[in-house]
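The values are calculated or read from the model by the stated rules, or taken from the named source; none is laboratory data. Since the model is a prediction, treat every value here as computed from it, not as a measurement. Quick reminder, even Gly has a Cβ in these numbers, built from the backbone with ideal geometry, and neighbours come from all protein chains shown.
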Amino acid sequence: MVIPLGRQNNRFQWKRHRHRMSHLRQDPLTGRWVIMAAGRRGRPNEYPLRREKGGDPADCPFCLGQEARTTREILAVGRQKNSSPNTAGWRLRVFPNLYPALTPEGSGPSLHDPDEEVPSSELFVQEPGVGAHEIIAYSPDHNAGLGTLSLEDLTELLQVLQERFATLAKDPKHRCILQFVNHGAEAGATLSHPHLQILAMPMVPLAVQEKLDRMEVYRRQEGRCLLCDLLAAERKKGIRIIDENENWTAFAPWASRFPWEMMLVPRRHQGSIMEATSMELHELARLLGKVLGRLDVLHGDPPLNLIIQGAPLENELPKAYFAEGTEAVDGFHWHVEVCPRLSRLAGFEAGSGFAINSVLPEEAAGRLREQEG
Ligand SMILES: [Zn+2]
Ligand SMILES: [Zn+2]
């Protein structure tokens, strides 16, 4: 289903009202609305979710020497010649999740009683849980974080992400690959050891499909990529730009759902991390390290989700989503979202599907820009 892009009300002057009243903003990429409610700043306990430093390394299955407590590794980086797989002596290690949400062989639909058949019907649709769920322990240091990694290590991590994406993309059962970090229990992490997760799914999730649909509508209307145009508009305006380099721009999205949300976008149009050059990966590492470091300075290593969204896989999608030749001008435009989780989502968010944000993106970008140094 294709949803027409909403018209922006250009006459609304947010500046005049920002101290007195809330206003609504629509995310150009998803169509979702956010209530910008700067008036809610300074409520008691506004940021209840500071990250708790977590867990005893001796109990941690992702720490060095605990390799037998994880599934067998898919790959490891940084091993010395004489160290064997699934032992200590790695810098980065990839292995299947011990508690996978999806598995290669899939698990059939089941209720509590395994003997009970659960037939699908028009109303009650189901699919087997086929896919892949991998973990990347990206540092042997139990207390490391993405913002504290060296440029070299962060680049290496992105190279591994690219390699895993390309490998999982080859499986015709996979239609979308999401790579993400849950940093801190408040952001959904069950283990505090620094790690990243990869989920290869048998369908395109709604959050990606929404963007794909809007990009497709925009491309038909304007003949250009929605995110390329959005990026150009943000760079021209400048007030929400946090930082940028040769290949990447980081900005606070117009309709940020979370206080201090950031988005990193490659300036060259490309569908997924698979298409990035080694220079582009290196420059992403440089920018990501910088902006996460600044977030840490402002908010002391906050809980956050980092999400890498790439194009759904070509396998079963209409050709229209994919450009011919190498100079793609249509299709998805991949990007990285950083969502600090300093406040809780509550009933309103669950019931409406949109967020209330008490920090204007213009202010967040300004404060993050100032941290440069
Ligand atoms: Zn650990
Ligand atoms: Zn683009």
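Quick notes on this structure:
Conditions (1) at negative phi; (2) outside any loop (DSSP other than H, G, I, E, B); (3) at pLDDT 90 or above, marked per residue:
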residue: Gly325; (1), (2), (3): no, no, no
residue: Asp330; (1), (2), (3): yes, no, no
residue: His333; (1), (2), (3): yes, no, yes
residue: Leu342; (1), (2), (3): yes, no, no
residue: Val359; (1), (2), (3): yes, no, yes
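- Tabulated pairs, region 335-356, first closer than 30 Å to Leu281 by Cβ, second of a type in the set (A, V, I, L, M, F, W, C) and assigned to a loop (DSSP other than H, G, I, E, B), C-beta under 8 angstrom, 6+ apart or interchain: Cys339/Phe258; Pro340/Phe258; Pro340/Trp260; Arg341/Leu49; Arg341/Phe258; Leu342/Leu49; Leu342/Phe258; Leu342/Trp260
- Restricting attention to region 173-184, the residues being surrounded by fewer than 21 Cβ atoms within 10 Å (Cβ to Cβ) and in contact with a Lys or Arg (Cβ under 8 Å, 6 or more places away or on another chain) number 0.
- Among strands (runs of 3 or more DSSP E) entirely within region 227-317, having at least 2 residues that are more than 16 Å from ligand 2 (Cβ to nearest atom) and assigned by TED's automatic domain parsing to the domain that holds Ala365 singles out 241-244, 304-309.
- Any hit, region 226-233, residues being out of contact with any helix residue (DSSP H, G or I) (no Cβ under 6 Å at 6 or more places or on another chain), at pLDDT 90 or above and under 27 Å from Asp301 (Cβ atoms): no
- Among the numbered conditions (1) at pLDDT 90 or above; (2) of a type in the set (Gly, Ala, Ser); (3) out of contact with any helix residue (DSSP H, G or I) (no Cβ under 7 Å at 6 or more places or on another chain), the only one that Ala166 does not meet is (3).
- Filtering region 67-105 to residues that are within 13 Å of Asp141 (Cα to Cα) and either surrounded by fewer than 17 Cβ atoms within 10 Å (Cβ to Cβ) or more than 12 Å from ligand 1 (Cβ to nearest atom) (or both) leaves Ala88, Gly89, Trp90, Arg91, Leu92.
- For region 189-226, a tally of residues being within 26 Å of Leu92 (Cβ to Cβ), away from ligand 1 (no atom under 16 Å from the Cβ) and either part of a loop (DSSP other than H, G, I, E, B) or of a type in the set (Val, Ile, Thr) (or both) returns 1.
- Close pairs (8 angstrom Cβ cut-off, 6 or more residues apart or separate chains): within 17 Å of Thr30 (Cβ to Cβ) and touching a residue at least 40 places away in the same chain (Cβ under 8 Å) in region 213-240, of a type in the set (Ser, Thr, Tyr) and more than 16 Å from ligand 1 (Cβ to nearest atom) anywhere: Arg214/Thr30; Glu216/Tyr321; Cys225/Tyr218; Leu226/Tyr218
- Among residues of region 166-212, those that are closer than 24 Å to Thr277 by Cβ, without any contact (Cβ under 8 Å) to a residue 60 or more places away in the chain and either assigned by TED's automatic domain parsing to the domain that holds Gly310 or not β-branched (Val, Ile, Thr) (or both), counted: 2
- Filtering region 194-208 to residues that are of a type outside the set (Val, Ile, Thr) and touching a strand residue (DSSP E or B) at 6+ places or on another chain (Cβ under 9 Å) leaves Pro194, His195, Leu196, Gln197, Leu199, Ala200, Met201, Pro202, Met203, Pro205, Ala207.
- Where strands (runs of 3 or more DSSP E) fall wholly inside region 28-110, no range has 2 or more residues that are modelled with pLDDT under 85 and either within 16 Å of ligand 2 (Cβ to nearest atom) or among the aromatic types (Phe, Trp, Tyr) (or both).
- Positions within region 266-290 being surrounded by fewer than 20 Cβ atoms within 10 Å (Cβ to Cβ) and either in contact with a Leu (Cβ under 7 Å, 6 or more places away or on another chain) or within 30 Å of Ala350 (Cα to Cα) (or both), in sequence order: Arg267, Arg286, Gly289
- The number of residues in region 294-323 that are modelled with pLDDT of 75 or more, of a type in the set (A, V, I, L, M) and in contact with a Lys or Arg (Cβ under 9 Å, 6 or more places away or on another chain) comes to 3.
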